[in-house]
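Enquirer: Pasting a structure here, questions to come.
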Amino acid sequence: MTFPSLSDAFRIKRLQQPGRKLRMVLDTDAYNEIDDQFALTYALLSPEQMTVEAIYAAPFHNDRSAGPGDGMEKSYDEILRLLDFLGVAAEGLAYRGASEYVGAARQPQENPAVRDLIQRALASPDDDPLYVVAIGAITNVASALLLEPEIVKKIVVIWLGGHNLNMPHAREFNLKQDVPAAQIVLDSGAPLVLVPCYGVASHLLTSLPELQACIGGAGRVGDYLCQIFKEYRPDTFGASSVIWDIATIAWLINPDWAPTDLVHSPLLTDQATWSVDRSRHLIRVANFVHRDPIFRDLFGKIRAHGGL
């Protein structure tokens, strides 16, 4: 697959956080764990910083699903559940995504989410790119790139995937689910902000007592987030869980909360390890997250929505 060539100057400009309200779509395996629900809530409760134009259900397969298609359907249902709690209409906003991975055959998965992504990207003005926030396996985004390579000129991808580039492997859940899809996105030249998990987003820890104190009683969504956290981590004494996915939304709101470096796009091997080629195009990679201001902003918005 040959993608349109972007100049270094064009890509670097696109990789600057715009400092204004932006248009975005969210691609999420919402039922995989419990962090996607926080990220989706965060995005929808940040209307001054972003307009959420669409939400796409991504595939996943673990002990919470019978296969990638079942994972996508459960994620779609979870998206609808969150939208109901937030009082947001789902029609024209939520879309089913891929039921299979791109996989070794590099077969694009055509589905409502991918078609919508292509349509929205192509319709974007040249000076107003569509921000594509992906917090699951990046199958839908890779499929859209394969089906319509021209969208590299129209989008900026923010993806939570892999681990820190200096780690011995990148076999994080989002990435290892569909390694060929990740390779396609990394090789496409599309402007990309990569948020690694271990070593970066892993700082975003919280606990049930903190959640209960900060968002308990803050409407249906605040109570639901506390509920799913408790169900996911019943051993609450001295325990915490990481809410990785909100790092992507935080960068869109305030890039100082998730500082980044411009680096050459890493080569992702078939064994899901990082390799270096300094002749490749540049991407942004987050190197840290400032946990407190991110959670303070998120909790404050949930409390305001819940009338606290």
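Enquirer: Just the projected area, averaged over all directions, of the convex hull on the alpha carbon atoms of the chain: how many nm²?
Expert: On the way: hull surface 57.6 nm².
Dividing the Cα hull surface by four gives the mean projection, 14.4 nm².
Enquirer: Something else: Which one of GLY71, PHE288, ALA104 has its Cα pushed farthest toward the positive end of the charge dipole of the chain, where Lys and Arg give +1 and Asp and Glu give -1 at the Cβ?
Expert: PHE288
Enquirer: Evaluated at 20 °C with a viscosity of 1.002 mPa s, what Stokes-Einstein diffusion coefficient in µm²/s does region 81-125 have when Rh comes from the Kirkwood expression over alpha-carbon pairs? Don't skip to the end; give the middle numbers.
Expert: On the way: Rh = 12.5 Å.
Rounded, D is 171 µm²/s.
Enquirer: Still on this structure, I have one more. ³J(HN,Hα) across region 126-139 via Karplus (A = 6.51, B = -1.76, C = 1.60, θ = phi - 60°), whole Hz, x for Gly/Pro?
Expert: After applying 6.51 cos²θ - 1.76 cosθ + 1.60, I find 4, 9, 9, x, 8, 8, 10, 9, 10, 10, x, 4, 8, 4 Hz.
Enquirer: Which of the lysines could a cross-linker span from LYS74 if the Cα-Cα distance has to be under 24 Å and same-chain partners fewer than 8 positions apart are dropped?
Expert: LYS176, LYS230
Enquirer: With no solvent and one point per C-alpha, what does the Debye sum give as log10 I(q)/I(0) for region 151-308 at q = 0.21 Å⁻¹?
Expert: Values, matching the q order: -1.27.
Enquirer: According to the Kirkwood expression over distinct Cα-Cα pairs, how big is the hydrodynamic radius of region 114-210, in Å?
Expert: Values: mean 1/r = 0.0704 Å⁻¹.
Its Kirkwood hydrodynamic radius stands at 14.2 Å.
Enquirer: If I fit a long axis through the Cα atoms of helix 291-305 and take the longest principal axis of the Cα atoms of the chain, what angle between them do I get, 0 to 90°, rounded to 10?
Expert: Taking Cα atoms only, the helix is inclined about 60 degrees.
Enquirer: Now for a separate question. Show me 66-72, 302-308 ranked by packing, highest mean number of other Cβ atoms within 10 Å first.
Expert: On the way: 66-72: 19.7, 302-308: 16.0.
Result, highest mean Cβ count within 10 Å first: 66-72, 302-308.
Enquirer: Cα to Cα, under 19 Å, and not fewer than 8 places away if on the same chain: which lysines meet these conditions relative to LYS21?
Expert: Output for LYS21: LYS13, LYS154, LYS301.
Enquirer: Write down the radius of gyration of region 50-156 and its Dmax, each obtained from C-alpha positions, in Å.
Expert: 13.9, 43
Enquirer: Considering only DSSP beta bridges where both residues belong to the chain, give the percentage that are antiparallel (nearest 5). Don't jump to the answer; show the numbers that get you there.
Expert: Details: 9 of 33 bridges.
Of the beta bridges lying entirely in the chain, close to 25 percent run antiparallel.
Enquirer: Tell me the angle of helix 112-122 to the major Cα principal axis of the chain, expressed in degrees between 0 and 90 and rounded to the nearest ten.
Expert: The helix 112-122 is inclined about 60 degrees to the chain.
Enquirer: Run the helix sum for the chain: -39,500 (n - 2.57) per DSSP H stretch of 4+ residues, divided by residue count, reported at 222 nm to the nearest 500 deg cm²/dmol. Walk me through the intermediate numbers first.
Expert: On the way: 11 runs with 115 residues, N = 308.
It comes out at -11000 deg cm²/dmol, rounded to the nearest 500.
Enquirer: Now for a separate question. As a test of reading the structure, rank SER99, SER5, SER65 by solvent-accessible area (1.4 Å probe, protein chains only), most first.
Expert: On the way: SER99 60, SER5 115, SER65 15 Å².
These residues rank, largest area first, as SER5, SER99, SER65.
Enquirer: Just to confirm the number: angle between the C-alpha axis of helix 35-44 and the first principal axis of the chain, 0 to 90 degrees, nearest 10?
Expert: The angle comes out near 90 degrees.
The values are calculated or read from the model by the stated rules, or taken from the named source; none is laboratory data. Predicted model only: the values in this text are computed from it and were never measured. All Cβ positions, even for glycine, are placed from backbone atoms using ideal geometry, and neighbour counts span all protein chains on display. To get the accessible areas, we keep the full protein, side chains included, count just its heavy atoms, and leave off ligands, DNA and RNA. Shrake-Rupley method; radii C 1.70, N 1.55, O 1.52, S 1.80 Å.
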